[in-house]
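Novice: Provided herewith is a single structure, encoded as structure tokens, for subsequent inquiry.
The values are calculated or read from the model by the stated rules, or taken from the named source; none is laboratory data. Bear in mind that the values here come from a model prediction, so they are computed numbers and not experimental data. Positions of Cβ are generated from backbone atoms using ideal geometry, with glycine treated the same way; all protein chains shown enter the neighbour counts. Ligands, DNA and RNA are stripped out before the accessible areas are found, and what is left, the full protein with its side chains, is counted by its heavy atoms. Shrake-Rupley method; radii C 1.70, N 1.55, O 1.52, S 1.80 Å.
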Amino acid sequence: MTDSKILHEEFRNRFGTDGMAYAAPGRINLIGEHTDYNGGFVFPGAVDKGITAVIKPNGTTVVNLYAIDLRQGCTFDIADPTGPSTTHFRYVYGVVRELTDAGLDVMGFDAVYGGDVPLGAGMSSSAALECCFAFALNDLFNGTIDKMTLARIGQATEHKYVGVKCGIMDQFASIHGREGALMRLDCRSGEYQYFPWHSKGYRLVLVNSCVKHELVGSPYNDRRASCERVARIAGVDTLRDCTWEKLEALKPQLSDEDYRRARYVLGEVDRVLEVSKALERDDYETVGQQMYLTHKGLKEDYEVSCEEIDFLVDEAQRLGVTGARIMGGGFGGCTINLVKDDLCDSFLKEIQQTYRTHFGIDCQPIPVVISSGTHRI
């Protein structure tokens, strides 16, 4: 997280007063990828990197923002029906509009904010930004909006003001995170459960491939459409409700692509439940095995991996890492790695060397610690 002392100082310099500090984390997702919009399970955790903001109501209808990392500011009126054109500031504008629609009497405010979530790493810096402001404004303007509704306000912001049809996982994890615990969220019912993360002897490390392939068309939307087609043919609301037996019976009616997309989703639902049981008995070897199986499915059936990511996962397995897979939407970004303590230093040293030799670019290790959710500092 950005040091709140730096933000307080910048706030005083810009606005001649001081405000209240809030922090919202980014997230990892241990397992359960591309299952959120299929009504399945996800298994995220909040991490020790995120967005910090210093905010104070200013008694007007004007919002003054300054993003310290971007060295860029923005001003808009609460009643402005259009809002700023810059995508980054539309996240805050959207949160303000959605809170207002939810019944909160939001007035003007000043804010300085920054973060340490690596861009492009799939750790949901946008959700952290949305949750930080949703939580803070609800607190500052004496709101009573519950945490799940705040998460859905962040999700609605993505949908309506940025144009990303995301699931609820990122905002849910940022708001609900708990130190020393991961969360299994049922994306169909909204029910969730905390699972212990007794990580003694293991570390979680992301390895950022530092590549992002922009594919022709809309690969995320294409895969979602495949899943929706199969669900419609199966006569269920979402693929979560489809059984293996029904999928196999429908195979002759499905394109090969649609069948493989659905096969991945059903397998991922099963893997999340296996990991749930494994964490309850501190069985991290099983957790790691399921992570590798998830990557295989994402690579072969869902086809959202790429050469650089596959290299990082293969190298992790060769070097004895307990579990590794692509994390996030795909086509680049990060791998998430479950690594034994005594292996971690040598793993990171060697994988950086081999990656540089193979691709001529550097990858970026990002150690993460499972931490608390959005809160006032």
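Novice: Separation of the range 150-165 and the range 259-303 by C-alpha centroid, Å?
Specialist: 28
Novice: Now for a separate question. Taking the dipole about the Cα centre of the range 232-377, with the C-beta of Lys and Arg at +1 and of Asp and Glu at -1, give me whichever of Val321, Val287, Cys344 is farthest to the positive side.
Specialist: Toward the positive end, the furthest listed residue is Val287.
Novice: Can I ask one more? At a 10 angstrom cut-off on C-beta neighbours, averaged per residue, how do the peptides 318-329, 134-145 rank from highest to lowest? Provide the component values of the computation, followed by the final result.
Specialist: On the way: 318-329: 22.1, 134-145: 19.8.
Listed from highest to lowest mean packing, they are 318-329, 134-145.
Novice: Can I ask one more? Could you list, in their original order, any pairs among Lys49/Lys212; Lys160/Lys299; Lys200/Lys299 whose Cα atoms are separated by more than 25 Å?
Specialist: Long pairs (Cα-Cα over 25 Å): Lys160/Lys299; Lys200/Lys299.
Novice: Among Ser276, Ser126, Ser218, what's the order by accessible area (1.4 angstrom probe), most exposed first?
Specialist: Ser218, Ser126, Ser276
Novice: What FRET efficiency, computed as 1/(1 + (r/R0)^6) with R0 = 30 Å and r the Cβ-Cβ distance, is obtained for Thr100 and Thr17, rounded to the nearest 0.05? Let's see the in-between values first.
Specialist: Working: r = 24 Å, r/R0 = 0.81.
The pair Thr100/Thr17 has a calculated efficiency of 0.75.
Novice: Ok, one more. Based on the alpha-carbon gyration tensor of the range 196-333 and its eigenvalue square roots a ≥ b ≥ c, which shape applies: rounded if a/c is under 1.5, prolate if not and a/b is larger than b/c, or oblate?
Specialist: Values: a/c = 2.48, a/b = 1.36, b/c = 1.82.
Because a/c hits 1.5 or more and a/b fails to exceed b/c, the range 196-333 counts as oblate.
Novice: Considering only DSSP states other than H, G, I, E and B, which trypsin sites (Lys or Arg not before Pro) in the range 47-135 qualify as loop sites with at most 11 other Cβ atoms within 10 Å?
Specialist: Details: sites: Lys49, Arg71, Arg90, Arg97; in loops: Arg71.
Loop-located and lightly packed - Arg71.
Novice: Which ³J(HN,Hα) values in Hz, rounded to whole numbers, follow from the phi angles of the range 341-351 under the Karplus curve 6.51 cos²θ - 1.76 cosθ + 1.60, where θ = phi - 60° and Gly and Pro get x?
Specialist: 3, 6, 9, 4, 4, 5, 4, 5, 5, 6, 5
Novice: Starting from the amide H of Thr61, placed 1.01 Å from N in the peptide plane, find each other amide H under 5 Å away whose residue is 5 or more places distant or on another chain.
Specialist: Result for Thr61 returns Gly108.
Novice: Shifting gears a bit: Among His213, His159, His88, which one shows the biggest mean-square fluctuation in a GNM of the chain, springs joining Cα atoms closer than 10 Å?
Specialist: Greatest mean-square fluctuation among the candidates belongs to His213.
Novice: What's the percent breakdown of Cα-Cα distances in the range 74-114 across 5 Å bins, shortest bin first?
Specialist: 5, 21, 36, 26, 11, 1
Novice: Each residue of the range 240-249 in turn: what ³J(HN,Hα) in whole Hz from Karplus with 6.51, -1.76, 1.60 and θ = phi - 60°, glycine and Pro shown as x?
Specialist: 3, 8, 8, 8, 4, 4, 5, 4, 5, 5
Novice: Would you please name the GluC sites (Glu not before Pro) within the range 135-236 that are DSSP coil residues with at most 11 other C-beta atoms within 10 Å of their C-beta? Numbers along the way, then the final one.
Specialist: Values: sites: Glu158, Glu179, Glu191, Glu214, Glu228; in loops: Glu179, Glu191, Glu214.
In loop regions of the range 135-236 (DSSP not H, G, I, E or B), the sparsely surrounded GluC sites (Glu not before Pro) are Glu191, Glu214.
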